[in-house]
1. Which one is modelled with the lowest pLDDT among residues in segment 122-140 that are among the β-branched types (Val, Ile, Thr) and more than 17 Å from Glu45 (Cβ to Cβ)?
2. If you check Gly135 against the conditions, is it free of Cβ contacts under 8 Å to residues at least 24 places away in the same chain and either assigned by TED's automatic domain parsing to the domain that holds Glu45 or not charged (D, E, K, R) (or both)?
Amino acid sequence: MKTLVKTFAAAALIAVSTFAMAAEGPGSKSAKANVNLSTADFALEHYVAVTTEGESAGVEQLFAKDFNQKIQASNAQTHGREAVVKSLKKQKGEKLNCTVNTDIIEESADYMVAKVTLKFENFTKTDLVSLERVGNEWKVSKSINSYK
């Protein structure tokens, strides 16, 4: 009798969760979800989560319209907003195996420059990130990467 009750309870739980997911509809939890970017610290924290932890919510919201990324290496590269957003969306759910250190270099009421250091086993990536206030939100406006 106990087994029968447990079976019905499990079936009911599965049915309820299935109906709940179906009621949300496809794409309800899309990558276009609004993220709290009301402070520079929140925006920087979200940038780190997007670039190192595979976070995909609010990726479009995070970057300024004129965002660009420069990669300082033997063959210097520059990427625009669309290319970076597309690349980060492909990395959804992928967590980088590194330690992250964030230092605020300069901060004002409408602007912030931060140094994000990603220490991997065999190399270190340094990312200088510029953020600016756009209306009521903070956006990442520039990123300069170098590797050691």
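1. Filtering segment 122-140 for residues among the β-branched types (Val, Ile, Thr) gives 124, 126, 129, 134, 140.
Subsequent filtering for residues that are more than 17 Å from Glu45 (Cβ to Cβ) retains 124, 126, 134.
On the way: Thr124: 93, Thr126: 95, Val134: 90.
Top of the filtered list is Val134.
2. Numbers: free of Cβ contacts under 8 Å to residues at least 24 places away in the same chain: yes; either assigned by TED's automatic domain parsing to the domain that holds Glu45 or not charged (D, E, K, R) (or both): yes.
So Gly135 passes the test.
Listed here are the residues, each with its yes/no results for (1) on the phi < 0 side of the Ramachandran plot; (2) touching a residue at least 60 places away in the same chain (Cβ under 8 Å); (3) surrounded by 15 or more Cβ atoms within 10 Å (Cβ to Cβ).
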site: Gln61; (1), (2), (3): yes, yes, yes
site: Ala76; (1), (2), (3): yes, no, no
site: Val84; (1), (2), (3): yes, no, yes
site: Lys92; (1), (2), (3): yes, yes, no
site: Lys95; (1), (2), (3): yes, no, no
site: Thr126; (1), (2), (3): yes, no, yes
site: Val129; (1), (2), (3): yes, yes, yes
site: Tyr147; (1), (2), (3): yes, yes, no
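The values are calculated or read from the model by the stated rules, or taken from the named source; none is laboratory data. The structure displayed is predicted, hence computed values, not measured ones. Cβ: placed from backbone, ideal geometry, glycine included. Neighbour counts: every protein chain shown.
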